[in-house]
Amino acid sequence: MSDSIKVWDAPLRLFHWSLALAVGGAMLTGWLGGNLMVWHGRLGLSILGLLAFRLLWGMLGSTYARWSRIFAAPLRLGDYLAGRWREAGHNPLGSLSVLALLGLAAFQTLSGLAANDDIAFQGPLYRLVETDTSTWLTALHRQAWWLLLGLIGLHLLAILYYSLVRRQPLVRAMVGGRSPRRYPEQHEASGGAPWALGVALAGALLLVWGVQSAAGWLAPPAAPAAPAAPAALDW
């Protein structure tokens, strides 16, 4: 029996690090504002695509990426706290952390699609909502920035705790995909076929294209050109 098992598949690992970079960049550009708001919007669309991919990959991906495991794990929180948890992948607290971070990232992304900065930036779906609704969503989008920052901080502290105190190489596992086998009943991940990856990527790209194109579809029609003034008579 091998002393390590494959837990995280390559698409999930790439998603994880891409999302970390995109969220960090979006938070920084949103905080600085100004001309960087263009990049804030682009990063928001990339996060939308990443979240759409993760949603689909949670249904089509390998064992420990599946939503069925992530949603089921918190139901066994009592077993985990009592030391009876022997599953690979996310433990109950890790699953709750994942759901909270992804849920808040999704809220930030969706609210940003209809937000505006009262100057020059408007989300691609701004015209789908009333002005007051956009203002309300913009306020929530800005306030939730602090909540997202707090959750990221807790996430990093938890990683440090499990790495330094519990001696569980979480970062190494998310880089290489393999984790030490701590119990005999832990099994390697399976599933996540190439066709499933293609479907998840296609779905994510299609969603981003549709949302990005919506700004053009929803643009008001151009005003008719003013009639040309009659030419002056040359006597």
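The values are calculated or read from the model by the stated rules, or taken from the named source; none is laboratory data. Just so you know, these numbers come straight off a predicted model, no measurement behind them. A quick note on method: Cβ atoms are made from the backbone with ideal geometry, for glycine too, and the neighbour counts reach across all protein chains shown. All accessible areas refer to the heavy atoms of the entire protein, side chains included, with ligands and DNA or RNA removed. Shrake-Rupley method; radii C 1.70, N 1.55, O 1.52, S 1.80 Å.
Go through the range 1-35 and give me each residue that's under 27 Å from residue 114 (Cβ atoms) and in contact with a Gly (Cβ under 8 Å, 6 or more places away or on another chain). Let's see the steps before the verdict.
Going residue by residue through the range 1-35, those that are under 27 Å from residue 114 (Cβ atoms) are 15, 18-35.
Scanning the range 1-35 gives a single hit, 26.
Against the conditions (1) farther than 21 Å from residue 159 by Cα; (2) modelled with pLDDT under 95, where does residue 63 fall short? Just the number, please.
Unmet condition: (2).
Checking residue 124 against (1) within 30 Å of residue 9 (Cβ to Cβ); (2) surrounded by 12 or more Cβ atoms within 10 Å (Cβ to Cβ), which single condition isn't satisfied?
Here residue 124 meets the rest and fails (1).
Which count do you get for residues in the range 127-147 that are part of a loop (DSSP other than H, G, I, E, B) and open to solvent by less than 40 Å² (accessible area, probe 1.4 Å)? Write out each step before concluding.
Within the range 127-147, the subset part of a loop (DSSP other than H, G, I, E, B) is 129-130.
Checking the rest, the ones that are also open to solvent by less than 40 Å² (accessible area, probe 1.4 Å) come to none.
Number satisfying all stated conditions: 0.
Residue 54 versus (1) in contact (Cβ under 8 Å) with a residue 12 or more places away in the chain; (2) of a type in the set (Lys, Arg); (3) open to solvent by 60 Å² or more (accessible area, probe 1.4 Å): which is the lone unmet condition?
The single condition residue 54 does not satisfy is (3).
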